[in-house]
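One structure is given here, and the rest of the page talks about it.
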Amino acid sequence: MGENGLEETARQLVAPGKGILAADESDGTIKKRFDTIGVESTEETRRAYRDLLFTTPGMEEHVSGVILFDETIRQSSADGTPFPKLLEAKGVVPGIKVDKGAKPLALAEGETITEGLDGLRERLAEYRDLGARFAKWRATYSIGDELPSEYCVWVNAHALARYAALCQEAGLVPIVEPEVLQDGTHSIEESAKATGRVLLAVYQELHDQRVDFSGTLLKPNMVLSGYSAPTRAGVDEVAEATLEVLYKHVPAAVPGIVFLSGGQSDEDATAHLNAINARGPHPWELSFSYGRALQAAALNAWRGEEANVQAAKEAFAHRAKMNGLARSGSYSPEMEKAFAGVA
């Protein structure tokens, strides 16, 4: 088990009290984020923004790893230190997003397949040389009439497993991210059913393609009511439904599960993670790999202004700390008010 130190790296990424910062927004996504604060997305503004996050004092107390984008893994801090080296020096594991995005799935209206397998072996070797120690690949599925289809479920599972096998061959821990999108009016029961079907296929393919589960991490959605559902499940119901699906479908050999935040608010993502961990212990470490839910407050505070860098760092450090506490079920919403009072 755990060849090439992959299990060791996977366990480092889900160390108690810590989780992963997803700073791997594609050019299109980061532009959307910057548009909301009136900042032009240029190579330099993107670099400055990531630099702000990575140089936040004490971020390593609650952040175990950072997922980078192709541009970002090649960039450096203001003092010239390459980002992967800066992170490693803090004991934070550098990672890389390697998929080429979700594209329309042929002959399947409204469904997607993630591309990026062509040339992946060579890209993984280059990323490892640049300092990456883990990778990420995201597949997306929609809930709706007859969706996700079996076709979509299985072709994405196959691609995720091909990616994971190539990662392990290259000495990188694959984070496997099958995201059942929570947009829509579906009930929490429908979300649970779709998520279960997706996970069943993913682990069948990972097994068939000889992937060593102990050197992987799973990055799933939480099981939620649709964001537009007329009535939405509360925190406890989400925790219980999510755990029930994971217990049915995720092998205990997997060291950790790092939830994505999806479209949840910052505080919802933390509260749900906290409720899930409060019901422990579990066979896996249950952690976070959040993008927007760790960054939104910092981005808002920053707004591209040098004068705001300190406030932005404090906002990021606060969110990282709240999620770090949620890892052991010791978060409470009152802690948010305490921070608001200080700011």
Sole miss for V155 among (1) in a helix (DSSP H, G or I); (2) buried (at least 18 other Cβ atoms within 10 Å of the Cβ); (3) in contact with a helix residue (DSSP H, G or I) (Cβ under 8 Å, 6 or more places away or on another chain) is condition (3)
Could you tell me whether G262 is under 26 Å from P174 (Cα atoms), modelled with pLDDT under 95 and open to solvent by less than 40 Å² (accessible area, probe 1.4 Å)?
yes
Any hit, region 31-44, residues being under 22 Å from E126 (Cα atoms) and not in a helix (DSSP H, G or I)
no
Note on region 70-90: residues of a type outside the set (D, E, K, R), open to solvent by 40 Å² or more (accessible area, probe 1.4 Å) and either within 22 Å of I257 (Cα to Cα) or free of Cβ contacts under 8 Å to residues at least 40 places away in the same chain (or both) are A78, G80, T81, A89
Tell me whether region 280-302 contains one or more residues that are in contact with a Gly (Cβ under 7 Å, 6 or more places away or on another chain) and assigned to a helix (DSSP H, G or I).
no
Applying the selection to region 18-48, what residues are closer than 21 Å to M322 by Cβ and open to solvent by less than 10 Å² (accessible area, probe 1.4 Å)?
G19, I20, L21, A22, A23
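Would you be able to tell me the number of residues in region 49-67 that are among the acidic types (D, E) and either buried (at least 20 other Cβ atoms within 10 Å of the Cβ) or under 19 Å from P82 (Cβ atoms) (or both)? Break it down stepwise before answering.
Filtering region 49-67 for residues among the acidic types (D, E) gives 51, 60-61.
Add one more test, that the residue is either buried (at least 20 other Cβ atoms within 10 Å of the Cβ) or under 19 Å from P82 (Cβ atoms) (or both), and what stays is 51, 60.
So the answer is 2.
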Being within 26 Å of A106 (Cα to Cα), small (G, A, S), in contact (Cβ under 8 Å) with a residue 40 or more places away in the chain and outside any strand (DSSP E or B) narrows it down to one residue among G171, G263, G196; which is it?
G196
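The values are calculated or read from the model by the stated rules, or taken from the named source; none is laboratory data. As the structure is a prediction and not an experimental result, all values here were calculated from the model. Note: ideal-geometry Cβ built from the backbone for every residue, glycine included; neighbour counts use all protein chains shown. Side chains included, ligands, DNA and RNA excluded: accessible areas come from the protein's heavy atoms. Shrake-Rupley method; radii C 1.70, N 1.55, O 1.52, S 1.80 Å.
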